[in-house]
Ligand code: UDP
């Protein structure tokens, strides 16, 4: 396999993955409409002679006839706003990219006999009533709320993958990605790790929504990317869904305290209103990925936060 498309290449995961694939000798065609992505993430890559960048929207089917999009061996379909802050600012675009955009990329995969990896999300489990969540759990999602544009469009994206795979024989694999972090997260991304670190480094209050008892798990980007690559590169993953996330759960208050300690910050922790439909627990069961991909995260939260904090310090 050597010619790969990455949608969302200017995003946090896309730019990291493109860099790794180029280093490993792949040709990469990166696509992004720069809605929530950032050209700074790919400035260095554009000088690489195995990298081609298309600034375009994958929801538009004209893209399918682009002369660069031929002889493709694999598609990592990562395009979509992922932070609640960004997808709630652009709900209709979020729905388009995860549904029509996914349909277009599946069509491209089918024409090229290439495998498509769809970046789904732990959000498809909604506010889960089963804990931890395995891939067989069907979820508890609200259609009538601020998170629905993301959760439900990712769910419909999975449906497109299922139909293409079962009816048309397209090669697909679906990654349900749980919270991922690293220094590549934009400081203004709005997610908990970037917010807490920036607040702690600037001496501002750390804003915990609700009482901080809600839980998440946090996977360092290196581990998430290695999981996605194993999914793409193994034959056995065709038609399979995998949870990709760290299995150790923290309350949000614990994360605030940990960031405060690691940054040696005198910031206060303050409590704000809980967000509507904020899932109360979230933790992946990764036994399927461990069994079929021989994958599990290697970087613990303290270590990953330490690396992230050091890089953020340079940006301030
Ligand atoms: N959160 C918080 N303070 C912040 C940002 C987020 O307490 O400044 C909480 C948020 O309410 C949620 C958790 O942290 O319970 C994770 O939020 P994030 O936006 O990072 O990702 P999500 O898992 O909700 O998509």
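Read the figures in this text as sums done on the coordinates, not as results from a lab. Quick caveat, the model's predicted, so the values are computed rather than measured. Positions of Cβ are backbone-derived with ideal geometry, glycine not excepted, and every protein chain shown enters the neighbour counts.
Just a few scattered comments:
- Within the range 129-141, the set of residues being in contact with a helix residue (DSSP H, G or I) (Cβ under 9 Å, 6 or more places away or on another chain) and within 15 Å of residue 282 (Cβ to Cβ) comprises 133, 134, 135, 137, 139, 140, 141.
- Of all the criteria given as (1) assigned to a helix (DSSP H, G or I); (2) touching a helix residue (DSSP H, G or I) at 6+ places or on another chain (Cβ under 8 Å); (3) without any contact (Cβ under 8 Å) to a residue 60 or more places away in the chain, the one not satisfied by residue 46 is (2).
- Subset of the range 58-72 (residues that are in contact with a strand residue (DSSP E or B) (Cβ under 9 Å, 6 or more places away or on another chain), in a loop (DSSP other than H, G, I, E, B) and surrounded by 17 or more Cβ atoms within 10 Å (Cβ to Cβ)): 58, 69, 72
- Filtered residues of the range 231-245 (kept if under 18 Å from the mean Cα position of the chain (by Cα) and outside any strand (DSSP E or B)): 231, 232, 245
- Flag if residue 94 is in contact with a strand residue (DSSP E or B) (Cβ under 9 Å, 6 or more places away or on another chain) and within 16 Å of the ligand (Cβ to nearest atom): no
- Going through (1) more than 14 Å from the chain's Cα centre (by Cα); (2) more than 15 Å from the ligand (Cβ to nearest atom); (3) in contact (Cβ under 8 Å) with a residue 24 or more places away in the chain one by one, residue 136 falls short only on (3).
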